[in-house]
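Take a look at the structure below.
The values are calculated or read from the model by the stated rules, or taken from the named source; none is laboratory data. Given the structure is predicted, the values throughout are model-derived calculations rather than measurements. Here the Cβ positions follow ideal geometry from the backbone for every residue, glycine too, while neighbour counts run over all protein chains shown. We work out accessible area using only protein heavy atoms, side chains counted, and drop any ligands, DNA or RNA first. Shrake-Rupley method; radii C 1.70, N 1.55, O 1.52, S 1.80 Å.
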Amino acid sequence: EQRAEVRALFDASDTLGRGTIDRIELREAVHKLSSRWMSDEELEAVWATAKHPLAGAIGGGGRGSARGSAEGASGSEEERDALDFESFLLLVGPQLFPSQAA
């Protein structure tokens, strides 16, 4: 049930219907979750963690990846600069589901 709610939020945040969200959409999704706007610095820190999950930790870390990172140079810049749902869930999951965090 909680995952479905997060999925609905993700889908609502995906304003272009690509199945991914960009930085701006991420900022808006986090605002909807927390009623708090992230600063540019916070957004960049969260985004860097999503892109390079071993370099930083949010709520204890995760192993998510940004969509396109596994595709290497073959994906467009837009694809590499977006998060899919699983990556988004890894970012917000520890805050939303603390009892399930490892």
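In the context of the full protein assembly, K51 retains an accessible surface of approximately 50 Å², using a probe radius of 1.4 Å and ignoring ligands and nucleic acids. In this rough spin-label picture, where each label sits 7 Å from Cα along the Cβ direction, the A4-W37 distance is 3.4 nm.
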